[in-house]
Amino acid sequence: MKKQRVVVLGATGSVGANTLDVIARHPERYEVFALTAATKVDALLKQCVQFRPAFAVMTGEPHGRELARQVESLGLPTKVLWSAADLSMVAAHEEVDVVMAAIVGAAGLAPCLAAARAGKRLLLANKEALVLGGEVFLGAVRQGGATLLPIDSEHSAIFQSLPDDPATWNERVEKIILTASGGPFRTRDPATLHDVTPDQACAHPNWIMGRKISVDSATMMNKALEVIEACYLFGLPPRRIEVVIHPQSIIHSMVQYHDASVVAQLGTPDMRVPIAYGLAWPERVASGAAALDFLSLPPMTFEPADAVRFPGLRLAWQALEAPAGTTAVLNAANEVAVEAFLAGRIRFDQILEVNLATLDGVTISKPGSLDDLLALDALTRGKAGQEVRRIGIP
Ligand code: NAD
Ligand code: MG
């Protein structure tokens, strides 16, 4: 069997590192063609030493030059690059079979589109790229004949629970039920959420993840983004997607059929499971994750997603039913708000305020291309930045 050549975009992050862990378990199946990172030169260098990729791409010249110097001094075969266009170049490279999209945020959209247009197997962890890209993203996948596979654990679970033929999903499925852990503040008095710190918001009970998605999990905006992601990936109308809180994160999501039968995917909360599934689909390979031990599991419990505690969640359905481009605005507003919260410029409860004010304040015209999307993203960031300055901590 020919080895699959893999590009890992966002290799130094939580999903990136888990991807390399799975790849390292199967040297006969996969080889690393390119690795990319924003700023962590030492971490990317270590990965270059272990995987000896053809390319390494850093964001920005200073980091790129520093990595290039170290790669050369170690005599590695890796060519180091540092322009934004290089991310898309490696993602679409003719020698590449698989692209893991594990950059966080809108910065991942352009290389995702490049991989989609080039017909790659595109493993999507970078949900912001799809929430921003919407129909333009899906159009690029169709046009390029790419295979888009979900890596988000919920969407991997849904994909594993759906019938094989995507053409039957809309007709055969009654609804999709996304599970949510409820994050670190599930039981905390909502009236006390104004003074939580970034570290408290990032302390997720079940998953170790990057800081942006951790804050999103605490506000439930992560689930809102995932509802939008599910709509785009599986083509069901928004009203047939539901969310239920399941604090143990054992059931990763479910599909309900017309006969009241529910098919679910279960497993330990370990991202290597959906990553291994995406890499090997339709086959399965060892992921390194521990299997569930049913006899020692805690009881599985379920709760409604409380609209008072998690007021941001409903924005998903509102954005999906609003004119095209609204999900892009919601995503950009939220990225700015989360960044401002992590930098101590707004309070935790003001993330929603920034999102609402920005959604109200941006005039949307339907995006039809990557340039349109990037313009809408930039416009929204400008507006959200104004809101941060207006309401922010002096
Ligand atoms: P992370 O912060 O740990 O890693 C992000 C990676 O992207 C890093 O390698 C970083 O160098 C790179 N990066 C950041 N900004 C960049 C930029 N502007 N340009 C180029 N590269 C940039 O994040 P993560 O937790 O690994 O999440 C990555 C994506 O996967 C996110 O979209 C997240 O929502 C999604 N996701 C993560 C998990 C998880 O368990 N961590 C689960 C499901 C989905
Ligand atoms: Mg998820």
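The values are calculated or read from the model by the stated rules, or taken from the named source; none is laboratory data. As the structure is a prediction and not an experimental result, all values here were calculated from the model. Glycine also receives a Cβ, built like all others from the backbone with ideal geometry; neighbour counts cover every protein chain displayed.
So that you can scan it fast, the table gives a plain yes or no per residue for (1) surrounded by fewer than 23 Cβ atoms within 10 Å (Cβ to Cβ); (2) part of a helix (DSSP H, G or I); (3) in the same structural domain as SER14 (by TED's automatic domain parsing):
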| residue | (1), (2), (3) |
| --- | --- |
| GLN50 | yes, yes, yes |
| ALA85 | yes, yes, yes |
| VAL90 | no, yes, yes |
| VAL96 | yes, no, yes |
| ALA107 | yes, yes, yes |
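Select, from ALA316, ALA289, ALA322, the only residue that is within 19 Å of the chain's Cα centre (by Cα) and either on the phi < 0 side of the Ramachandran plot or free of Cβ contacts under 8 Å to residues at least 40 places away in the same chain (or both).
Sole residue among the options that is within 19 Å of the chain's Cα centre (by Cα) and either on the phi < 0 side of the Ramachandran plot or free of Cβ contacts under 8 Å to residues at least 40 places away in the same chain (or both): ALA316.
Out of the residues in the range 115-125 meeting the condition of being within 17 Å of the chain's Cα centre (by Cα) and assigned to a helix (DSSP H, G or I), tell me which one is farthest from ligand 1 (Cβ to nearest atom).
So, considering only residues that are within 17 Å of the chain's Cα centre (by Cα) and assigned to a helix (DSSP H, G or I), the one farthest from ligand 1 (Cβ to nearest atom) is ALA116.
Only one of (1) under 23 Å from LEU279 (Cβ atoms); (2) modelled with pLDDT of 95 or more; (3) within 16 Å of the chain's Cα centre (by Cα) fails for GLN160. Which number is that?
GLN160 satisfies every listed condition except (3).
All but one of (1) away from ligand 2 (no atom under 14 Å from the Cβ); (2) at positive phi; (3) in contact (Cβ under 8 Å) with a residue 60 or more places away in the chain hold for GLY182; state the number of the condition that does not hold.
(1)
So which residues in the range 183-194 are more than 16 Å from ligand 1 (Cβ to nearest atom) and not aromatic (Phe, Trp, Tyr), if there are any at all?
ARG186, THR187, ARG188, ASP189, PRO190, ALA191, THR192, LEU193, HIS194
Taking the conditions exactly as written (in contact with a strand residue (DSSP E or B) (Cβ under 8 Å, 6 or more places away or on another chain), buried (at least 20 other Cβ atoms within 10 Å of the Cβ) and assigned to a loop (DSSP other than H, G, I, E, B)), does SER287 satisfy them or not?
For SER287, the condition - in contact with a strand residue (DSSP E or B) (Cβ under 8 Å, 6 or more places away or on another chain), buried (at least 20 other Cβ atoms within 10 Å of the Cβ) and assigned to a loop (DSSP other than H, G, I, E, B) - is not met.
Could you check how many residues of the range 126-174 are under 16 Å from PRO237 (Cα atoms), in contact (Cβ under 8 Å) with a residue 40 or more places away in the chain and away from ligand 1 (no atom under 16 Å from the Cβ)?
Of the residues in the range 126-174, 9 are under 16 Å from PRO237 (Cα atoms), in contact (Cβ under 8 Å) with a residue 40 or more places away in the chain and away from ligand 1 (no atom under 16 Å from the Cβ).
Within the range 98-109, work out how many residues are farther than 25 Å from LYS2 by Cα and more than 10 Å from ligand 1 (Cβ to nearest atom).
The total comes to 1.
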